[in-house]
Structure formats: C-alpha cells, structure tokens
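Beneath this line is the structure, given in structure tokens, with notes to follow.
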Amino acid sequence: MSTPYTAPLKGNYTLKNVLLETGYISDEKGINATKTELFCIEVNAGKITRIFPNNPQHTTAVDAKGYLMLPAFSDMHVHLDKTWYGLPWQAQSPKKRTVLEMIAYEQEIIPELLKTSTTRAEQLIDLLQSYGTSFARTHFNVETTSGLRSLENLQKALDKRKESFKAELVAFPQHGFFYTDSAPLMKDVAQMPSVGFIGGVDPYGIDKNIEKVLDYTVTLALDNNKGIDIHLHDGGKEGIHTIEYLAEQALQHPKLQGRTFVSHAFVLAQLPVAEVERIAEKLAAAKVGIVSSIPFGDLVMPIPTLLKHGVDVLVGNDNVQDYWSTFGPGNMLAKANLMGEIYGWRSEFDLSRTLRFATHNTLPLDDKGLMQWPRVNDRAEFVLIDASCSAEAVSRISPTMALAHEGAFYWKK
C-alpha cells in the first residue's frame with residue numbers, strides 16, 4: 001500500500017486561491033453562515049510567512065483551487081502498534097470479553113502480530129494521513145509478552161513516515177504494572193527521551209490497588225519529566241476514586257498540571273449531573289484533561305459539562321479496526337461529526353466550534369467570529385478541504401485534498 005500523497009513541495013513557496021474563514025454572517029435570529037475570502041499564503045522554512053490578498057494571476061504560486069484551509073488534524077488517542085488494518089478483514093469476536101480476558105487473548109496473539117506490526121503501523125499512518133491527520137498521540141504496549149518490541153517496531157514505522165507525520169509516545173502497560181510484572185519494563189522505557197507520557201490501565205480492575213499504581217505512575221512521570229495518560233474503564237466508586245486521586249496528585253505536583261490525562265473515564269457517563277460537575281471542577285482546578293474516543297457502547301460521555309467547567313477535552317480514534325474494536329474510521333472529521341450528532345451541535349456556530357476536536361483546539365475563528373488562524377509565523381501545519389466552511393466540513397465529513405506538515409506540502413493522489 002502506498003502513501004496517499006504525491007511527493008512534497010518544500011522550502012519557499014506560495015499558494016494562491018486559498019479559501020479562509022474571515023467571520024460569521026448573522027441576521028436577527030443569530031449566526032446563519034460563515035464568511036470566507038480567497039487569499040495567497042506564503043510558506044518558508046516550515047512557517048507561514050505571509051498572508052496577502054488573493055492574486056489569481058500569480059504565475060509562480062501553486063493553485064489551491066479554492067479549497068478551504070483548516071488546521072491539520074490531530075488524533076489524540078490511538079494505538080498504532082496493534083491494528084488489524086492491512087490484514088484480511090475480520091470482525092471482532094462476538095464473545096464478550098472483560099479487560100482481563102482481553103489481556104489473556106493478547107498474550108496469545110501478540111507474538112504472531114509482532115511479525116508484521118511495523119508494516120501495519122505504516123499502513124494505519126497512511127490511513128490517518130489520507131483523512132488529514134499529521135499528528136497523533138499513540139500508546140504502545142509495554143508488557144512481559146512483547147517486552148519493548150512493540151515500541152521498536154512502531155519506531156521503525158514512524159521513522160519511515162517522519163517527513164509527513166509526527167507522534168508523541170505513551171508507554172502503555174496494557175497488562176497492568178504488577179499483574180504481569182511490567183513495572184520494571186515501564187521503569188526502563190520511562191527513561192527514553194522519545195517517550196512523552198507514562199500510561200496505565202484500570203488501577204483497580206487490573207492491579208487491585210489504586211494508590212499503589214498511581215503513586216508508581218506519578219513517580220515515574222516526575223522522575224523522568226513525562227506526562228501521564230492512563231486508560232480508565234473502571235466504574236463505580238473505584239473509577240471515581242481513581243480520577244480524584246490522580247487530580248489530587250496533579251494539585252500536589254504542579255509539573256503534572258496540563259500534562260495529565262484520563263482516557264475514556266467511562267464512569268463519568270454513569271453519574272448524576274451534579275456529581276459530574278463536582279468532579280469536573282476538580283479536574284479543571286488540577287488541569288487534568290479527559291481524552292475520549294466517542295462513542296463507547298450505549299454510554300454518552302458528559303463532554304458538554306466538562307467543557308462548561310473548563311476541562312481540557314481531547315478526542316482520538318483509539319482502536320482502528322483491531323481485536324478490541326471493529327470500528328474506528330481513522331478520520332478525525334468523522335469523530336467531530338459524530339460528536340455534533342450526539343450532542344445536538346447542529347447550528348452553523350456549533351458545528352464550527354466542534355471542529356476543535358479534530359484540530360486539537362485550533363480554530364480559524366474565535367467565538368466572536370474574529371480571525372485567529374492562520375497568522376504569520378504560525379507553523380505550516382494545515383489541510384485543504386473540499387468544503388465552503390468549517391461547519392460544512394464537519395457536517396459532511398468533507399474530503400481532504402492536500403496536507404502540509406512542517407511546511408512540506410502534499411497533494412492527494
């Protein structure tokens with residue numbers, strides 16, 4: 001399978017006929033459309049160096065064909081190291097598996113999957129890129145079955161795609177810190193400069209000791225200047241205690257604030273609104289974020305409540321067509337679209353705001369309709385989309401036509 005883009009245009013270049021959002025159009029009922037204009041965009045040394053009125057006669061400029069320029073997409077929770085993508089189609093087993101049962105299943109299949117994991121990771125990166133994603137936070141397994149081979153194989157794939165794709169790495173003890181004696185491996189991997197986050201999974205459900213697991217996680221993060229991003233499927237009082245204990249740790253250790261995340265946190269979808277608001281206030285005060293894969297079964301995560309209280313909410317595909325989930329489109333616009341449908345964000349304004357979940361909180365217009373992106377000296381990380389505005393791009397899951405990463409500009413094949 002080849003990469004989805006042509007050879008890049010690098011160095012100093014100019015794009016003409018680039019569609020940018022410049023404001024909202026309102027009537028007596030409120031915002032009903034988005035105003036756009038065509039511009040020329042100059043890129044040099046990986047940055048946007050000039051934004052000026054469109055000149056369709058510019059003879060040396062690359063024609064952007066009137067496509068809408070948006071910030072490049074970011075997948076903030078994905079597992080590039082374990083996917084069935086690239087293998088013959090197979091759906092998830094109909095047998096219901098607990099996390100512990102899935103651990104046992106992984107221990108059986110990982111040795112065989114590792115033989116082709118580099119190639120499949122490359123193909124999954126290509127899939128993400130085809131939808132405009134040039135950045136991902138990816139978890140990689142660290143456990144006694146694979147040792148550090150998942151990281152080694154993933155790093156090979158990332159090295160092959162390094163010119164057009166960037167990732168931050170989360171060391172993920174999928175089989176528990178202590179349930180399979182993975183703690184020594186995690187201590188080793190935490191010292192690696194390429195690893196940005198210490199992961200974790202269900203401190204109670206897997207290791208049966210919330211404080212022991214989180215204390216070890218926090219120590220690894222502080223000693224090695226890493227962030228934290230743990231998976232939490234545990235519900236009930238154990239799930240709540242895990243979230244609150246981690247928030248308390250972040251309050252005690254300012255170095256963790258803004259760098260600590262709870263992925264999934266499904267327990268929040270099981271609580272009364274008042275309890276969610278209480279926890280949201282605590283998360284916001286500790287600057288601990290929530291990362292969601294949207295959706296999960298019949299659970300509807302209380303994302304509007306989290307946002308209301310200022311919690312940083314990130315979104316990712318999580319498992320893309322693997323043995324944990326048959327689903328996962330790899331398309332961040334599709335994730336934003338699904339969120340709009342779930343939460344009733346269907347107006348022009350609301351849909352334009354929903355784009356933030358695909359772009360890691362970067363939006364062309366602020367809430368008042370003032371241009372805030374792109375600006376001169378911004379990194380040249382963007383996509384060209386076949387849409388008239390952000391709202392349409394989210395609503396119609398509009399196709400990506402081109403991508404720029406670190407200034408290098410790629411047309412879709």
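The values are calculated or read from the model by the stated rules, or taken from the named source; none is laboratory data. Remember, predicted model here, so these are calculated numbers, not experimental data. No Cβ is skipped: glycine too gets one built from the backbone with ideal geometry, and neighbour counts run over all protein chains shown. Keep in mind that these areas ignore ligands, DNA and RNA; they rest on the heavy atoms of the full protein, side chains included. Shrake-Rupley method; radii C 1.70, N 1.55, O 1.52, S 1.80 Å.
Some observations on this one:
- Rounded to the nearest 20 debye, dipole of the chain from Cβ charges on Lys, Arg, Asp, Glu: 920
- When the charge dipole of the chain is built from unit charges on Cβ atoms (+1 for Lys and Arg, -1 for Asp and Glu) and taken about the Cα centre, the candidate among 125, 269, 283 whose Cα reaches farthest toward its positive end is 125.
- Among 190-196, 79-85, the peptide with the highest mean count of other Cβ atoms within 10 Å heads the list, and the full ranking is 79-85, 190-196.
- Karplus (6.51, -1.76, 1.60) ³J(HN,Hα), θ = phi - 60°, over region 157-169, in Hz, Gly and Pro reported as x: 5, 5, 5, 6, 10, 5, 6, 10, 8, 10, 9, 10, 9
- With θ taken as phi - 60° and the Karplus curve 6.51 cos²θ - 1.76 cosθ + 1.60 applied, the whole-hertz 3J(HN,Hα) list for region 200-213 is x, 8, 6, x, 8, x, 9, 9, 6, 7, 4, 5, 4, 5 Hz, x standing for glycine and proline.
- Region 7-79 - Kirkwood radius from inverse mean 1/r over Cα pairs (Å): 14.3
- A simple rule links phi to the HN-Hα coupling: the Karplus curve 6.51 cos²θ - 1.76 cosθ + 1.60 with θ = phi - 60°, which for region 305-314 gives 5, 4, 5, 4, 9, x, 6, 6, 10, 10 Hz, with x for Gly and Pro.
- Cut-off under 5 Å, modelled amide H: who pairs with residue 401 long-range: 384, 385, 386
- Taken per residue, the accessible surface of region 36-128 reaches 47 Å², heavy atoms only and a 1.4 Å probe.
- Relative to the 2.2 N^0.38 Å rule of thumb, region 279-360 has a C-alpha radius of gyration ratio of 1.12.
- Scattering from region 231-340 was approximated by placing one identical point on each alpha carbon and applying the Debye formula without solvent; log10 I(q)/I(0) at 0.10, 0.12, 0.15, 0.17 1/Å stands at -0.28, -0.41, -0.63, -0.80.
- Lysines whose Cα lies under 17 Å from that of residue 65, excluding same-chain neighbours fewer than 8 positions away: 16, 412, 413
- Taking all pairs of distinct alpha-carbon atoms in region 263-413, Kirkwood radius in angstrom: 16.8
- Only DSSP H runs of four or more residues enter the estimate; each adds -39500 (n - 2.57), and after division by the residues of the chain the mean residue ellipticity at 222 nm equals -9500 deg cm²/dmol.
- Kirkwood-based shape ratio for region 192-290, expressed as Rg/Rh from alpha carbons: 0.95
- Size of the chain as Cα extents on the principal axes (Å, biggest first): 66, 50, 43
- Rounded percent of accessible protein surface that carbon and sulfur make up, region 1-42, 1.4 Å probe: 50
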